[in-house]
Amino acid sequence: MVELKTDTSIDAMYEAGQVVARALTAAQKAAGVGVSLLELDEVAHDVLREAGATSPFLGYRPSFAPTPFPAVLCVSVNDAIVHGIPTRYRLRDGDLVSIDFGAELGGWVGDSALSFVVGTPREADLRLIETAERALAAGIEAAVVGNRIGDIAHAIGTVCRAAGYGIPEGFGGHGIGRRMHEDPGVPNEGRPGRGMRLRHGMALAIEPMVIAGGTDTFHAAPDGWTLMTDDGSRAAHAEHTVAIMESGPRILTAR
Ligand code: MG
Ligand code: MG
């Protein structure tokens, strides 16, 4: 079931979304060569505490997961696509880092992610990240009243495929609101004009993921959480929580 949010609820979701935006900005700023993934998690946790918000990630345990998620921030490095668990690993020059963060404030949840390079970037990584961001922008642009979920999926998939990248099968965005994962699912590839019609008050987390090697396949790391590319190539991820409104899409996690 899809809950349509009132304008007041969307304003409240924006407040949660801004905690997410601040935490991601702080974690990105803190990231550098020699900084550990656990330190980034701590930086994000501080923002959460200062805001009086809680984490929808910490302790989260979907059906595929062997253990509850142990952190507030997902950190996925190089060939890790999403769901990376922060470890003592210290970032190295040229690492491609994707961070994904959620916050719950006043009963509403925000969810957002971004990718960046630590130290000296490779041209190929910058192009990968830029494509994920461009796919996200295309998805958001299609998130308008009267369109359908398939229009968002098609917009994202078209950008990613045109760049020659793979799209992890079976992973994508989702409805969001009182809980992190709500209906409907928002695939990263699909046919235009298909699926649920978009209405004022729907809130969606739109989140393209791209695999540099062009394959769509992945596997879970031994930790059971981290999704890794099968071909060992690098991946990038970008995500915003967006409200669909008569006036156009409102990015609730805008930084
Ligand atoms: Mg996320
Ligand atoms: Mg999400």
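The values are calculated or read from the model by the stated rules, or taken from the named source; none is laboratory data. Since this is a predicted model, take the numbers as computed values, not measurements. All Cβ positions, even for glycine, are placed from backbone atoms using ideal geometry, and neighbour counts span all protein chains on display. We work out accessible area using only protein heavy atoms, side chains counted, and drop any ligands, DNA or RNA first. Shrake-Rupley method; radii C 1.70, N 1.55, O 1.52, S 1.80 Å.
Ignoring ligands, DNA and RNA, please state the percent of accessible area on the chain from carbon and sulfur, probe 1.4 Å. If you can, show how the numbers build up before the last one.
Numbers: 5500 of 10510 Å².
Here carbon and sulfur together make up 52 percent of the probe-accessible area.
Throw me the Rg/Rh for the stretch 1-122, computed over C-alpha atoms with Kirkwood Rh, two decimals. Numbers along the way, then the final one.
On the way: Rg = 15.0 Å, Rh = 14.9 Å.
With Rg and the Kirkwood Rh in hand, the quotient comes to 1.00.
Calculate the dipole size of the stretch 7-251 relative to its Cα centre from +1 charges on Lys and Arg beta carbons and -1 charges on Asp and Glu beta carbons; express the result in debye to the nearest 20. Intermediate results must be reported in sequence, preceding the final value.
Numbers: 20 positive and 31 negative charges, 56 e Å.
The dipole magnitude comes to about 260 debye.
With each pseudo-label sitting 7 Å past Cα toward Cβ, what's the Thr67-Met1 distance in nm, one decimal?
3.6 nm
From largest to smallest, what semi-axes in whole angstrom does the stretch 171-241 give when each is the square root of 5 times an eigenvalue of its alpha carbon gyration tensor?
Equivalent ellipsoid of the stretch 171-241: 26, 15, 10 Å, largest first.
Tell me which of Leu136, Phe64, Leu96 sits at the most positive position along the dipole axis of the chain, charges placed on C-beta atoms (Lys, Arg +1; Asp, Glu -1).
Going by the charge dipole, the pick is Leu136.
If you line up the Cα atoms of the chain on their principal axes, what length do they span on each, largest first, in Å?
46, 42, 33
Taking the Cα centre of each part, how many Å lie between the stretch 168-196 and the stretch 42-85?
Cα centres, the stretch 168-196 to the stretch 42-85: 20 Å.
Using mean Cβ contacts within 10 Å as the protection proxy, how do 160-169, 188-197, 129-138 order, highest first? Could you put the intermediate results ahead of the total?
Details: 160-169: 18.3, 188-197: 16.2, 129-138: 21.2.
Sorting 160-169, 188-197, 129-138 by mean packing, highest first, produces 129-138, 160-169, 188-197.
How would you order 116-128, 139-151 from highest to lowest mean count of nearby Cβ atoms within 10 Å? All intermediate terms of the calculation are to be shown ahead of the outcome.
Numbers: 116-128: 15.2, 139-151: 19.9.
Put in order of decreasing packing, that is 139-151, 116-128.
Residue farthest toward the positive end of the dipole of the stretch 7-251, with Cβ of Lys/Arg at +1 and Asp/Glu at -1: which of Gly106, Pro249, Gly224?
Pro249
Suppose we keep just the alpha-carbon trace of the stretch 202-253; what are its Rg and Dmax in angstrom?
Considering the stretch 202-253 through its Cα atoms, Rg and Dmax are 15.1, 46 Å.
Stretched out fully, how many nm does the piece from Leu58 to Ser247 gain, at 0.36 nm a residue minus the Cα gap? All intermediate terms of the calculation are to be shown ahead of the outcome.
Values: separation 189, 0.36 × 189 = 68.04 nm, distance 3.44 nm.
Stretched out fully, the Leu58 to Ser247 stretch lengthens by 64.6 nm.
Tell me the mean residue ellipticity at 222 nm calculated for the chain from its helices only (DSSP H runs of n ≥ 4, each -39500 (n - 2.57), averaged over every residue, nearest 500). Please list the in-between numbers first.
Values: 4 runs with 72 residues, N = 255.
Estimated from H runs of four or more residues: -9500 deg cm²/dmol.
Using a 1.4 Å probe, what is the accessible area per residue for the stretch 131-191, in Å²?
Working: 2420 Å² over 61 residues.
The answer is 40 Å² per residue.
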